[in-house]
Amino acid sequence: MAEPNPVIAEAAGPQTGAALADAPLSGAGGEAGLLSFLDGTAFAPAARLLEAGGPVVAILLVLSVFALTIILFKLWQFWRLGGGASGALDRAIGMWLSGRRGEAYELLRRRRGAAAFAVSHAMRGLGNPKADLDDVREDVERVALGQVKALKSWLKALEAVVQIAPLLGLFGTVIGMIAAFKALQEAGSQADPAVLAGGIWVALLTTAVGLAVAIPVSFILYGFESLVERERRAMEAALTSLFTGRITEREPDLAPLEDIAPARSMRHAG
């Protein structure tokens with residue numbers, strides 16, 4: 001047998017409370033036993049929230065745990081990869097272009113960043129005299145794309161949580177409003193305005209929970225995407241410098257002006 005709805009029953013007047021107490025929000029007696037077990041533990045606030053909000057809040061709580069798991073995994077992944085080693089990349093490329101190729105490769109080989117891995121892979125290919133330059137470029141591009149793909153992993157799942165959580169909260173609000181107005185209609189002439197007020201705040205609870213899940217996850221997702229973009233830009237800049245040899249940073253080898261002037265006059269005369 002379903003447990004009575006304690007929120008609506010309490011909000012109702014003395015005459016309609018008994019009539020409205022049969023409208024369940026939390027489900028069967030087994031679920032009520034689980035909520036009683038959680039009461040008094042660290043999960044007591046979540047249990048009370050689940051009891052008031054019903055199955056929609058339960059789904060939102062599951063989504064929040066899912067999002068938290070992904071966030072912790074991504075934090076560990078970014079820490080393990082050790083991104084943001086732009087200084088080491090610049091030093092290594094400077095060593096490579098100055099002829100200290102072994103030192104440059106060893107410097108990046110010990111790094112764990114995605115950009116460092118791709119650049120060291122490129123150095124290993126460029127250091128092979130038998131390797132074709134076009135083949136090295138294609139292989140380095142494959143490695144770089146793989147590194148970026150690994151950094152972006154599970155970010156789509158976080159984006160889905162950000163989009164779904166508010167919609168689920170709104171869905172729960174609509175369902176709760178329907179239940180509140182239905183209970184008010186069944187009460188008839190004995191209806192108490194407090195019944196409607198109690199039903200509305202319970203219904204709005206699901207929207208609040210949905211926003212509480214989506215808003216912090218959206219901020220964290222933005223931070224992760226910024227880290228991925230920063231690492232991608234560092235990787236692209238380092239690989240471009242490695243393959244072009246920083247042409248624009250070299251000192252130009254200009255011919256003397258007295259040699260340039262006769263050449264120009266000869267072109268005009270012709």
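Counting neighbouring beta carbons within 10 Å and listing from fewest to most, the residues Arg111, Arg101 come out as Arg101, Arg111. Gain on full extension, evaluated as 0.36 nm per residue between Gln190 and Leu170 minus their Cα-Cα distance, stands at 4.2 nm.
What does the extension gain come out to for Glu236 and Ile200, with contour length at 0.36 nm per residue minus their alpha carbon separation?
7.6 nm
Label-to-label distance, Asn128 versus Arg80, with points set 7 angstrom from Cα along the beta-carbon direction: 2.7 nm. Normalised by the number of residues in the stretch 110-183, the average gap of Cα pairs under 8 Å and 6 or more apart makes the relative contact order 28 percent.
Peptides 197-206, 211-220: what's the order by average Cβ count within 10 Å, highest mean first?
In descending order of packing, they fall as 197-206, 211-220.
For Phe73 and Glu138, a Förster radius of 41 Å and the Cβ-Cβ distance give a FRET efficiency of 0.85, rounded to the nearest 0.05.
What's the extension gain from Ser226 to Ala212 if we count 0.36 nm per residue and subtract their Cα-Cα distance? Walk me through the numbers on the way to the answer.
Values: separation 14, 0.36 × 14 = 5.04 nm, distance 2.23 nm.
Fully extending the segment from Ser226 to Ala212 adds 2.8 nm.
All of the numbers you see were taken from the coordinates with simple rules; none came from a lab. Predicted model, so just to flag it, every value in this text is computed and none were measured. No Cβ is skipped: glycine too gets one built from the backbone with ideal geometry, and neighbour counts run over all protein chains shown.
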